[in-house]
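Comments concern the structure below.
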Amino acid sequence: TANDIDSLRQKLIAGSQKVQQQIIPQLADLGNEGLEVLQEFLLKRRDTPATWIDGKAYQVIYNSDAPTAKEFIENNFPEGIVPLKSDCGISYNSLQQLLTRQEFQAADLFTIQTMCEVAGPQAVQRKWLYFTEVENFPTQDLQTINHLWVVHSEGKFGFSVQREIWLSLGKNWESLWPKIGWKDGNKWTRYPNEFTWDLSAPRGHLPLSNQLRGVRVMSSLLSHPAWT
Ligand code: UYC
């Protein structure tokens with residue numbers, strides 16, 4: 001009823017993140033009227049940086065079959081809710097779409113490939129990054145990639161999340177690996193099938209950084225000026 005919708009709208013606007021997280025799927029289940037509330041919510045908040053709550057609301061609208069929802073996205077957020085800023089003319093729209101659809105494995109691959117593109121043709125051919133390339137990586141691009149991951153993962157994934165955990169462990173790599181599900185005892189998690197490609201993964205599980213050539217690259221990534 002109109003009353004129920006209104007009470008959900010109030011809770012969505014005023015509630016804690018935990019409450020908002022529960023309200024969003026409830027509104028989604030109410031069809032068009034629920035979607036309208038979510039649309040109004042996104043428009044109201046569009047002048048402040050997107051959080052993962054905005055990400056949830058956006059995903060519900062984006063992934064709905066309703067024609068009005070499609071129109072809303074095209075008219076208001078054709079490139080998503082995170083500004084896709086790049087210092088080197090790279091388009092992050094595909095990454096935005098993969099993450100909005102929660103296609104985390106494809107998004108992870110795309111992240112590695114795109115970071116190589118940013119670093120240059122040699123990195124593209126090599127298919128992995130030198131730590132010096134990571135040190136010189138444009139801040140704007142790193143922040144865009146990270147913001148997309150955080151916003152579309154309930155705040156669970158992203159380099160900044162990995163950095164926060166790493167710092168909380170005194171930068172100890174051997175403590176980090178099991179914490180983010182990359183190692184179990186002496187056994188490395190094997191790429192790709194042993195990784196968890198959904199939100200049931202531990203915090204900081206994605207995006208992946210291959211450790212085959214040592215920790216230098218990841219160390220540079222988590223120490224990048226983009227995070228300070
Ligand atoms: N792989 O084990 N990884 C690959 C990870 C290691 C290995 C790709 C992450 C340990 C080989 C990604 C972990 C190791 C290849 C990741 C992990 C190892 C490969 C594809 C936990 C053996 C084939 C992109 C830390 C003991 C490719 C890429 C190659 C690929 C990620 C082996 C994303 C997070 C030490 C043989 N692994 N990787 O970078 O380069 O190739 O030969 O980290």
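The values are calculated or read from the model by the stated rules, or taken from the named source; none is laboratory data. What you are looking at is a predicted structure, and each value in this text was computed from that prediction instead of being measured. Glycine gets a Cβ as well: all are built from the backbone with ideal geometry, and neighbour counts include every protein chain shown. Heads up: the accessible areas ignore ligands, DNA and RNA and are worked out on the full protein's heavy atoms, side chains in. Shrake-Rupley method; radii C 1.70, N 1.55, O 1.52, S 1.80 Å.
Along the range 113-124 the Karplus relation, 6.51 cos²θ - 1.76 cosθ + 1.60 evaluated at θ = phi - 60°, assigns HN-Hα couplings of 5, 5, 5, 5, 4, 4, 5, x, x, 5, 5, 4 Hz to successive residues, with x for each Gly and Pro. Computed 3J(HN,Hα) for the range 73-87, one whole-Hz value per residue from the Karplus formula 6.51 cos²θ - 1.76 cosθ + 1.60 where θ = phi - 60°, is 4, 4, 7, 10, 9, x, 10, x, 9, 9, x, 8, 6, 9, 7, glycine and proline marked x.
T111 contributes about 0 Å² of solvent-accessible surface, heavy atoms of the protein only, 1.4 Å probe.
Rounded to the nearest 20 debye, the dipole size of the range 48-148 about its Cα centre is 140 debye, using +1 on the Cβ of Lys and Arg and -1 on the Cβ of Asp and Glu. Taking θ as phi - 60° and the Karplus parameters 6.51, -1.76 and 1.60, the scalar couplings of the range 99-106 work out to 6, 4, 8, 6, 8, 5, 5, 5 Hz in sequence order, x denoting glycine and proline. Using the Cα centre of the chain as origin and beta-carbon charges of +1 (Lys, Arg) and -1 (Asp, Glu), tell me which of L169, S153, N93 is placed farthest towards the positive end of the dipole. Looking along the dipole axis, the top candidate is L169. If you add up the charges near L35, with Lys and Arg at +1 and Asp and Glu at -1, over every other residue whose beta carbon is less than 14 angstrom from its beta carbon, what do you get? Value of the local net charge: -3.
Counting Lys and Arg as +1 and Asp and Glu as -1, each charge on the Cβ, what is the dipole of the range 124-228 about the Cα centre in debye, to the nearest 20? Dipole about the Cα centre, nearest 20: 300 debye. Placing +1 on the Cβ of every Lys and Arg and -1 on the Cβ of every Asp and Glu, with nothing else charged, gives the chain a dipole about its Cα centre of roughly 940 debye.
Considering helices alone, the calculated mean residue ellipticity of the chain at 222 nm is -17000 deg cm²/dmol, with DSSP H runs of length four and up weighted by -39500 (n - 2.57) and normalised per residue. What angle do you read, to the nearest 10 degrees and between 0 and 90, between the alpha-carbon axis of helix 139-151 and the longest principal axis of the chain? The angle comes out near 50 degrees.
How far, in degrees from 0 to 90, does helix 2-14 lean away from the longest principal axis of the Cα atoms of the chain, to the nearest 10? For 2-14 against the chain, the angle is about 40 degrees. The count of lysine pairs in the chain with alpha-carbon distances below 20 Å, taking only pairs 8 or more places apart or on different chains, stands at 15. Ordering W52, W128 by accessible surface, largest first, gives W128, W52; the 1.4 Å probe counts only protein heavy atoms, with every chain in place. Can you grab the distance from the C-alpha centre of the range 138-164 to the C-alpha centre of the range 184-228, Å, no decimals? If you average the Cα positions of each part, the centres end up 13 Å apart.
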